[in-house]
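The values are calculated or read from the model by the stated rules, or taken from the named source; none is laboratory data. These numbers come from a predicted model, not from an experiment. Please note: Cβ atoms are built from the backbone with ideal geometry, for glycine as well, and neighbour counts cover all protein chains shown.
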Amino acid sequence: METQTIKFCAYENTLFNNDQIADFLHEHLDEFGDEKDDILKCLSYVQDKNKGGEIILASNENEIIGAVVLNKTGMSGYIPENILVYIAVNNFYRGKGIGKKLMEYAIEFSDGNIALHCEPDNPAFHLYEKLGFKSKYLEMRLEKSN
């Protein structure tokens, strides 16, 4: 059996660029994903020194196998300081604890509380509960046409 080494690290310590991360997220978010341009905006937000957040990656050699993206909200108290925007794990590696490890790193390295939006049928819903996330509100949106 071949041994695989999975590395977890923050974006600044990787060789991957925004396009590679966006391609990975776009492919592996399945029905819970966004367009690549929106993912790139989110990644740029993290890297803006006036905004910020965290990008944490899991990799196996030269392949991204998991990613978490948190954006800072610029608020605290009534709104959590961070929002989990994306988490994805390559289908081949799902069920091996990589999503949990990514979330543990995100929780450890982010300053303040974390909010997230999750569909009830999302398989990650139970992971979030195990990590201590609680359902607080039902989100409603008004989408204005441009």
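A single entry from Lys49, Lys36 fulfils the requirement of being out of contact with any strand residue (DSSP E or B) (no Cβ under 9 Å at 6 or more places or on another chain), more than 16 Å from Lys7 (Cα to Cα), at pLDDT below 90 and surrounded by fewer than 18 Cβ atoms within 10 Å (Cβ to Cβ): Lys49. Among the residues of segment 1-30, those that are at pLDDT below 75 and assigned to a helix (DSSP H, G or I) comprise Tyr11, Glu12, Asn13. Considering Tyr105, Tyr93, Tyr86, the condition of being within 14 Å of Ile55 (Cβ to Cβ), crowded, with 17+ Cβ neighbours inside 10 Å and out of contact with any Leu (no Cβ under 9 Å at 6 or more places or on another chain) is satisfied by Tyr105 alone. Restricting to segment 67-86, what's the tally of residues that are outside any strand (DSSP E or B) and either closer than 18 Å to Glu139 by Cβ or touching an Asp or Glu at 6+ places or on another chain (Cβ under 7 Å) (or both)? Residues flagged as outside any strand (DSSP E or B) and either closer than 18 Å to Glu139 by Cβ or touching an Asp or Glu at 6+ places or on another chain (Cβ under 7 Å) (or both) within segment 67-86 amount to 6.
Across segment 118-133, what is the total count of residues that are at pLDDT 90 or above and not in a helix (DSSP H, G or I)? Summing the residues that are at pLDDT 90 or above and not in a helix (DSSP H, G or I) in segment 118-133 gives 3. Residues of segment 94-145 that are under 20 Å from Asn60 (Cβ atoms), in contact (Cβ under 8 Å) with a residue 60 or more places away in the chain and not β-branched (Val, Ile, Thr): Lys101, Leu102, Tyr105.
Of the residues examined, Glu81 is one that is touching a residue at least 24 places away in the same chain (Cβ under 8 Å), more than 16 Å from Lys7 (Cβ to Cβ), surrounded by 15 or more Cβ atoms within 10 Å (Cβ to Cβ) and of a type in the set (Asp, Glu).
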